[in-house]
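Notes follow the structure.
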Amino acid sequence: MEKIVIFGTSQLASLAHFYFDNDSPHQVVAFTVDKNYITENEFRGLPVIAFEEVEKHFPPSEYKMFLPISFKQMNFFRKAKFDEAKIKGYQCVSYVSSKATTWPDLNIGENCFIFEDNTIQPFVKIGNNCVLWSGNHIGHHSEIKDHVFITSQVVISGCCEIGENSFFGVNATIRDETVIGKASLIGMGAIITKDTPEFSIWVGAKSTMREGKSIDIDSISHKTNG
C-alpha cells in the first residue's frame, strides 16, 4: 500500500482523503500546507506538516504526494504547488474513481483527480495535474493538457485539444475537432463550435455563445500563497 501526503486542509483535501480511504490502494498519512496557513496541528485525525519542510518528515523516497487544489488563479496556483512538489522530488499519484467509466489503456499523468460518473472514451490523453469533477463526457482521441479543471456535466466531443490551464463551467459543450487555447475560460452553459484563442473568456447565453473580453495575463497572480 503506497503512503501519500495530501496538500491542503480545505474541503477538497477532505474529499481527497475520503476517496483515497474508501476507493484506492493508497494510505494517507499526513496533510501539508504552507507554514503561514497552518491553523491546527491535526486534520481528520492526521498530522499537518509545513510544506516548506515536509520532505524532512516524509521523504520522497518513501512517500508520494497528492495536491487537490482548486481552479483559483486559472489553475496557476495549482500548477505552482505541483511544480514545487516535483522540485522536492515527489512523485504525485492520481485518483480515478472506480465509478468512472474508463478503459484499460487510459493515458493519464500525475496528480489528476477524476471523480465518479466521468465517461472517458478510448484513446483519450489526460496530462498532469487535471481535475475532472463528476459526470463529464470526454470524447475519443481528445487530449486534455496539463493543469485543466473541468467542473460537472461538461461534454468534450471527439478529437478535441484542450489547452493547459483551461477551465470549464457546468454544462459547457465543445464541438468535435475543436482546439481550446491555453488558459481559456469556458463559462457555464457555453457552446463552443470553433477554436478559441489563448487567454479568452467564453460565456453561454441561452443556446448561443458570445466571446467576452480577453484575459489580461498580467492581472493573474502567480503567488504561491493566498
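May I ask you to give the average projected area over all directions of the convex hull of the Cα atoms of segment 95-206, in nm² rounded to one decimal? The partial results should precede the final answer.
Working: hull surface 22.0 nm².
Its Cα hull, projected and averaged over all orientations, spans 5.5 nm².
Remark: CYS112, CYS92, CYS159 ranked as CYS159, CYS92, CYS112, counting other beta-carbon atoms within 10 Å and listing the fewest first. Distance between the modelled labels on ASP21 and VAL203, one decimal in nanometres: 4.1 nm (7 Å Cα→Cβ projection). Each label point was placed 7 Å from the Cα along the Cα-to-Cβ direction; for SER61 and ASP117 their separation is 4.6 nm.
Largest first, the extents of the alpha carbon coordinates of the chain on the three principal axes equal 52, 41, 27 Å.
Compared with the direct C-alpha span, the chain from HIS141 to LYS125 gains 5.0 nm at full extension, assuming 0.36 nm per residue.
The C-alpha atoms of the chain define a longest principal axis, and helix 76-87 lies at about 40 degrees to it.
Placing unit charges on the Cβ atoms of the charged side chains and taking the dipole of the chain about its Cα centre, the candidate lying farthest along the positive direction among PHE113, SER94, VAL179 is VAL179. Relative to the longest principal axis of the Cα atoms of the chain, the long axis of helix 11-23 makes an angle of roughly 80 degrees. Shape of segment 2-87 from its Cα gyration tensor (a ≥ b ≥ c, root eigenvalues): rounded if a/c is under 1.5, otherwise prolate when a/b > b/c, or oblate? Judged from the Cα gyration tensor, segment 2-87 comes out rounded (a/c under 1.5). A straight Cα-to-Cα reach below 28 Å connects LYS182 with the lysines LYS72, LYS79, LYS81, LYS86, LYS88, LYS125, LYS145, LYS194, LYS206, LYS213, LYS223, residues fewer than 8 places away in its own chain not being considered. Taking each DSSP H run with n ≥ 4 as -39500 (n - 2.57) and averaging over every residue of the chain yields -3500 deg cm²/dmol at 222 nm.
Here the gap between LYS99 and LEU46, fully extended at 0.36 nm per residue and compared with their Cα-Cα distance, gives a gain of 16.4 nm.
We did not get these values from a lab; they are worked out from the coordinates using the rules stated. Model, not experiment: these values are computed from the prediction. Cβ atoms come from the backbone with ideal geometry, glycine included; neighbour counts cover every protein chain shown.
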